[in-house]
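Here the structure is laid out as structure tokens; the discussion comes afterwards.
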Amino acid sequence: MNVLGAASLGGNYAAGAAILGGLVGGLAFLVVVYMGLATGMTRMNFLTILGSMMAPKAPRGTAYTIGVVIHMMLSAVFGLIHAAILTALHVASVGSAAAWDGLLGAVHGVGALIVMPIMLAMAHPRIRTGVLERPGVLMTGFGTITPLGSLVAHIAFGVVTGSVYAAIVL
């Protein structure tokens, strides 16, 4: 047992631990994404695209910083959601939390691959005007391996988020 002395996550929801798990998971997500960018597996600079969606005329560094803030806020929110699901499942070990949350990450990743290209094409001002390349089906406009990298990044988010959360609460 750990700090809270819980035998399972059932009924032991801890928002602070969920936020921390989400933030650490968000960093793991970025490690995977930027490894793909550094090795040439993708051309998608995730944080710059995210930030320039909110501030299309901002300098690249400002857009990147805005992207970091938005990504980490969303990571905290998804950490809360993932922890709620793990709590509802009455997960009883760090290993099972990692496995369940990896599965949740995979589902989230597939959803993101379906929705994000549509959303970016419709809502991102720099993509709509042709300044940035179009994402294409399943984000393949940024490289044919981009969907695999995105899926792995979402799974990494889930595994790390679930593991951190369970390690704190169990």
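The values are calculated or read from the model by the stated rules, or taken from the named source; none is laboratory data. As the structure is a computational prediction, the values presented were derived from the model and not from experiment. Every residue, glycine among them, receives a Cβ derived from its backbone with ideal geometry; neighbour counts consider all protein chains shown. Surface accessibility is based on the protein's heavy atoms, side chains included, excluding ligands, DNA and RNA. Shrake-Rupley method; radii C 1.70, N 1.55, O 1.52, S 1.80 Å.
Computed from the Cβ-Cβ distance with R0 of 30 Å, the FRET efficiency linking VAL77 to ARG128 stands at 0.70.
Helix 146-169 and the longest principal axis of the Cα set of the chain meet at an angle near 30°. Taking all Cα-Cα distances within the chain, those exceeding 24 Å account for 38%.
Counting helices only, and only those DSSP H runs with n ≥ 4, report the 222 nm mean residue ellipticity of the chain as the sum of -39,500 (n - 2.57) divided by its residues, in deg cm²/dmol to the nearest 500. The partial results should precede the final answer.
On the way: 6 runs with 120 residues, N = 170.
Counting only the DSSP helices, I get -24500 deg cm²/dmol.
Between ALA88 and LYS57, the contour length at 0.36 nm per residue exceeds the alpha carbon distance by 6.8 nm.
With both labels modelled 7 Å from their Cα along Cα-to-Cβ, the THR140 to ILE114 distance reads 1.7 nm. A simple rule links phi to the HN-Hα coupling: the Karplus curve 6.51 cos²θ - 1.76 cosθ + 1.60 with θ = phi - 60°, which for segment 52-58 gives 6, 5, 8, 9, x, 9, 6 Hz, with x for Gly and Pro. Measuring only protein heavy atoms, the 1.4 Å probe finds ARG43 accessible over about 130 Å². Backbone amide hydrogens, once placed in the peptide plane, bring GLY10 within less than 5 Å of HIS90, VAL91, excluding anything fewer than 5 places away on its chain. The residues neighbouring GLU133, those whose beta-carbon lies less than 11 Å from its own, together hold a net charge of +3 under the Lys/Arg +1, Asp/Glu -1 convention.
Across segment 115-123, coupling constants 3J(HN,Hα) worked out from phi with the 6.51/-1.76/1.60 Karplus curve, θ = phi - 60°, read 7, 4, x, 5, 5, 5, 4, 8, 10 Hz, and Gly and Pro carry x. Given a 1.4 Å probe and the protein chains as shown, VAL110 ends up with an accessible area of around 70 Å². Couplings for segment 86-99, taken from phi via the Karplus curve 6.51 cos²θ - 1.76 cosθ + 1.60 with θ = phi - 60°, read 4, 5, 5, 7, 6, 4, 10, 8, 4, x, 6, 5, 4, 5 Hz in order; Gly and Pro are left as x. Placing dummy labels 7 Å off each Cα toward the beta-carbon, the span from ALA121 to THR65 is 3.4 nm. Name the shape class, rounded, prolate or oblate, that the alpha-carbon gyration tensor gives for segment 26-74, where a ≥ b ≥ c are the square roots of its eigenvalues, rounded holds for a/c under 1.5, and otherwise prolate holds if a/b is larger than b/c and oblate otherwise. It is oblate, given that a/c is not under 1.5 and a/b is not larger than b/c.
Compared with the dominant principal axis of the Cα atoms in the chain, helix 15-38 is inclined by about 40°.
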